[in-house]
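Have a look at the structure below, then the notes.
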Amino acid sequence: MSSPTYLLKGGRLPDGAISDLLISNGVIASVAQNISHPDAEVLDLSGSVILPGLVDLHTHLRQPGLEDAETVLSASRAGAKGGFTALSAMANSSPVADNAGVVEQVYRLGQEAGYLDVFPIGAVTMGLKGESLSEIGAMADSKARVRVFSDDGNCVHDPLIMRRALEYIKKFDGVIAQHAQDPRLTIDAQMNEGDVSAILGLRGWPAVAEEAIIARDVLLAAHVKSRLHICHVTTAGGVEIIRWAKARGIDVTAEVTPHHLLLTDELARSYDPIFKVNPPLRTEHDVNALREGLADGTIDIVATDHAPHTMESKECEWAQASFGMLGLETALSIVVKTMIETKLMDWSGVADRLSTAPARIGRYSGQGKNLAVGSNANLMVINPDTTWMVDRDLGQSKSRNTPFHGYELPGVVTHTFFNGRPTLLAGHLLNSVSPE
Amino acid sequence: MRHLLSISDLDAKAAISILDTATELARVSDGAVKKLPTLRGRTIVNLFAEDSTRTRISFEAAAKRLSADVINFSAKGSSLSKGESLKDTALTLQAMGADAVIIRHNASGAPARLANSQWMLGSVINAGDGTHEHPSQALLDAFTIRKHLGKGSPDLAGLRVVIVGDVLHSRVARSNVLLLSLLGASVTLVAPPTLLPVGVESWPVKVSYDFDSVIESADVVMMLRLQQERMSELFLPNTREYSRYFGLNGDRMKLMAPHAIIMHPGPMNRGLEIAAEVADSARSVIVEQVANGVSVRMAILYVLLAGQSLEAGVM
């Protein structure tokens, strides 16, 4: 049975052109003016923007092991609601995704959920312990075809292990996604070290703990001629080091989270752990540097670091609370607020940073194709001229730890198509999505 | 004002009002009948999630002298040591009808969490939270300084206070920096660079690494407690070196101006940050600080729970 045909009328493409777009048999069949099709369901998209389906390179789906906080299914639904057609499942599940069995399980759960592609990320080291390499080859050759490896949550801090990992993944065209955090400089760290932490008496997480690892790892990547990706860059200094590395031709890419594009450490003054995240919220100076870095391409992508947590791990003292924030359902609106409304970036930039570039870094074929005729119909639609009120109780995630509760944000995601089928249609999330 | 979480909750007028109220209440404590009926029928909970005998007893005495019913809820042997969350503890206290909770906690910001959550409705008084603040200690310190050196002035304008020691981990220092500068004193922090927070540049203080260069001009020298574990955490080479540079010994005390006083929030490490001969000297007002603590804490409870201050001559 072929999937239904949709005719998207009058939407604006990332390059600014107004065009019709025909989805048929799971692919983009035509992009042209005045398309007509007798059997198609017609969607009037005048005033809306069509983007290739968003691709998140950094998602915590919490399954297996922490299903109280999130499952592959609930995260998939949250992703579809936010305009995503692909997520990347970070390896810090329980058990850890350090072998072919776990990554194949997560991949299969993603396929069963059916809302989007779930690409598992493999751990770099066994158990995320930073001591010995995980089963990198077995994961790369598994059905999950893992290409991104990360100990995220932990830093691969031993320089020799980092070097070996960078070398080993060259066999698979892989990439190491580094959580840059020197562990010795961040013992019991709670928030950005600076003026605010000094007053609050919360232990500091200094910018240098991130920057020192970024500097070391771009030099290692240059030395062994491998591919390095820096997760969630948060500091102006980190942006500077990556800019320097790229100018020297080092094969490094970097991501920024939506929350680091908007929020600062001033929010910690409330002692509300909803604002506790790792790496921590930084200063306004850093936020501005991150926006500039994203605009000029020093930072390649926006990735959510969607980190669901149960209520009890946030309804407590700051120091006892878990690190992390939700991100999937608010990501694009935050990018609109911080990058589009400020005129730092245009929609083609958004398409690149949230779809094309992350798909390229992850080697996710079938994603990030920028609305090319003949490619899989993975796309989404946003109405940039409307706003919405974030309500933590109305999210699709199983968890409620969004820092944006009560925010009025620009840009409503109205449609998401995954391989030609709607997962979100006119603002309504489909309750079941039939697999091919 | 409903809560006292930080000195930043106060402006100079409010702080002076607490000190003035404490002065009046101290007069009551010196009288034959030490008790006032002000808080009769009110329930005050001492929630001490971290051990502290002196602060708990001081608040307990203050509450009882105002005729409040006091419930002590300490860490050891209580539900707090059995993993009960702060939220559940707060819900329990609310169910018991606590009008105020005096909280000591090892987590910075725990009092703010109690006050700003919807878990309980009563007043929250910070009795020391982690490395954040200890506002009642700062108020009793200011009270003590004013009594000795205030010359009848309501504030501390023009006085020079030197605070010496582990500023990084000291909630006493944070509250004192805010309060003393609010009241017009000039504050100098003296510490090894490792024990000053990054960000201290934004504080309303001067910073020195050289105790001897600032001690002569000080009106008040306030010593801070140094925890032994700072050595293993690599903040300092050893305790001898710390004492040599930053300890207040008899020789160093001789550099002080004749009128200058010596303070310490306790508990002291005699022989480490302060020599026994200094602690027991005529300049030391350390024991008096403890006595003043009861009057100042009475004033805090009075202002927060009775909703008024006591001006001189009213009683």
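Structure notes:
- Chain B: DSSP helices with Cα axial extent of at least 15 Å and average Kyte-Doolittle hydropathy no lower than 1.0: B:286-305
- Whole-number percent relative contact order across chain A, with pairs defined as alpha carbons under 8 Å at least 6 apart: 19 percent
- By definition, a body whose alpha carbon gyration tensor gives a ≥ b ≥ c is prolate when a/c is 1.5 or more and a/b is larger than b/c, and the stretch A:1-114 fits this prolate description.
- For A:Thr125, distant residues with modelled amide H under 5 Å away: A:Gly130, A:Ser134
- Cα-based shape type of chain B, given that a ≥ b ≥ c are square roots of the gyration tensor eigenvalues and the cut on a/c is 1.5: oblate
- Distance between the 7 Å Cα→Cβ label points at B:Asp210 and B:Asn238: 2.6 nm.
- Cα point-scatterer Debye curve for the stretch A:151-207, base-10 log of I(q)/I(0) at q = 0.15, 0.22, 0.30 Å⁻¹: -0.55, -0.82, -1.15
- Taking label positions 7 Å along the Cα-Cβ direction at both B:Val33 and B:Arg2, the computed distance is 3.4 nm, reported to one decimal.
- Per residue of chain B, the DSSP helices (runs of n ≥ 4 H) give a summed -39500 (n - 2.57) that works out to -11500 deg cm²/dmol at 222 nm.
- Of A:Lys314/B:Lys64; A:Lys171/A:Lys398; A:Lys143/A:Lys314; A:Lys129/A:Lys337; A:Lys9/A:Lys81, those spanning more than 29 Å from alpha-carbon to alpha-carbon: A:Lys314/B:Lys64; A:Lys171/A:Lys398; A:Lys143/A:Lys314; A:Lys129/A:Lys337
- Computed [θ] at 222 nm, deg cm²/dmol, chain A (DSSP H ≥ 4; -39,500 (n - 2.57); rounded to nearest 500): -7500 deg cm²/dmol
- Distance between the C-alpha centres of the stretch A:297-372 and the stretch A:32-68: 15 Å, rounded to the whole angstrom.
- Once you reduce the stretch B:110-186 and the stretch A:399-436 to the center of their Cα atoms, the two points are 50 Å from each other.
- Taken over the stretch A:16-66, the convex hull of the Cα atoms encloses 161 Å³ per residue.
- For B:Asn72, the residues whose modelled amide H falls within less than 5 Å of its own, excluding neighbours fewer than 5 places apart on the same chain, are B:Asn46.
- Share of pairwise Cα separations in the stretch B:146-286, more than 21 Å, in percent: 38 percent
- DSSP beta bridges in chain A [antiparallel fraction, %, rounded to 5]: 50 percent
- When the Cα gyration tensor is reduced to axis lengths a ≥ b ≥ c, the ratio a/c is 1.5 or higher for the stretch B:1-151, and with a/b above b/c it is classed as prolate.
- Estimated vicinal HN-Hα couplings, Hz - the stretch A:192-209 in sequence order (Karplus 6.51, -1.76, 1.60; Gly, Pro = x): 3, 7, x, 4, 6, 5, 4, 6, 7, x, 9, 5, x, 10, x, 4, 5, 5
- Extension gain, A:Trp244 to A:Glu41, is 68.1 nm, computed as 0.36 nm per intervening residue step minus the present C-alpha separation.
- If R0 is 56 Å, the Cβ-Cβ spacing of B:Asp11 and A:Lys171 corresponds to a FRET efficiency of close to 0.25.
- Shape analysis of the stretch A:95-248 based on the Cα gyration tensor places the equivalent ellipsoid semi-axes at 29, 19, 14 Å, largest first.
- Equivalent ellipsoid dimensions for the protein assembly as shown as semi-axes, Å, which come from the Cα gyration tensor, largest first: 57, 29, 22
- Rough spin-label spacing in nm, given labels placed 7 Å along Cα→Cβ, for B:Val287 and A:Ile187: 4.0 nm
Each reported figure results from applying straightforward, stated rules to the coordinates on display, with no laboratory input. It should be emphasised that the depicted structure is a prediction, and the values quoted were computed from it without experimental measurement. We place every Cβ from the backbone using ideal geometry, glycine too, and count neighbours over all the protein chains shown.
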